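What follows is a single structure, written as structure tokens, with notes after it.
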Amino acid sequence: MTGEGLRPRDAESAAQLVALGMRPKQLPSRDSLYTDLVIRYRDDDGFKDLVHSVAAGLGLIVLAVTEQSGAVLAATEDSVFEIKMDEYARRTALQNRQADKVLHGLAQLAVAALSFPRPDDLGNDAYVGRVSVELVDGAVREACRVLEERTEGSEEADPLSDAPELERVWRMYLRRPAAAATKDGRAASDTTRGIAARALRFLAEQGFLVAVGGDSGVYRTTPRYQVQVRELAAQRTFDELLELGVLPATSAEASLHVAAAETLA
């Protein structure tokens, strides 16, 4: 189809598709209208262009539209829909936003890397990754330990002078206890496992992960998350962390793709 002769009602349909994409847990498999709109997007170039125009007017970029993932969108810089780390901190009720938000950013990076441990996994639309609280916390702690050993073994006074934010992050993470219990027996939220758990829950709320095994702390990836990890730009602040070999750097081009330094969506 060429999409010639689009009518005003077509703009409404395009906006509907964008709106459905902004509902994190809505999937075409559960909604016949959603399925019809996805098929039209695939087959009608004129309608596809209209969807992209509607999204652009809202400060959004269409990353993918498939029957598996639905419409996957990303916010442009300064879009009203952009979720920055400060907003993430507010949503997750961090007790110390300035200190904790950067640790949560590190946890988000680890989740993305560990969910797709090989380049082929990220390029395979049928691949489903699994990640857990313990896996995320363990991987980040190991990365921090490697960085600490590198610093102690260096003859330079400040071997990470080119990456001061990274140095601050790993020192902060290592100082936090991995686990602790509150007075009522619940896991303390300001521990590193608590940080990993909150990062995973947030991604599940956004439709990127799905909890499996009840309260086991294990999650599986969704096609929506795979698209996000594949498409979004790598966070340059943590390039050196990825080079340590503790967290795998994964994508079709062998480089991890996550949200920008201060942006989650």
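Could you go through the range 57-72 in sequence order and give the Karplus-derived ³J(HN,Hα) for each residue, using 6.51 cos²θ - 1.76 cosθ + 1.60 with θ = phi - 60°, rounded to whole Hz, and x for Gly and Pro?
Each residue of the range 57-72 in turn: x, 9, x, 10, 10, 7, 7, 6, 9, 9, 5, 7, 9, x, 7, 9 Hz.
How do the peptides 216-226, 26-36, 125-135 rank, highest first, by the average count of neighbouring beta carbon atoms within 10 Å per residue?
Numbers: 216-226: 21.6, 26-36: 14.8, 125-135: 17.3.
Highest to lowest by the protection proxy: 216-226, 125-135, 26-36.
Starting from the Cα gyration tensor of the range 8-75, take the square roots of the eigenvalues, sort them a ≥ b ≥ c, and report rounded, prolate or oblate (rounded when a/c is under 1.5, otherwise prolate if a/b is larger than b/c, else oblate).
Details: a/c = 1.56, a/b = 1.14, b/c = 1.37.
In terms of gyration-tensor shape, oblate.
All of the numbers you see were taken from the coordinates with simple rules; none came from a lab. Remember, it's a predicted structure, so these values are computed and weren't measured experimentally. Note that each Cβ is placed from the backbone with ideal geometry, even for glycine, and that neighbours are counted across all protein chains shown.
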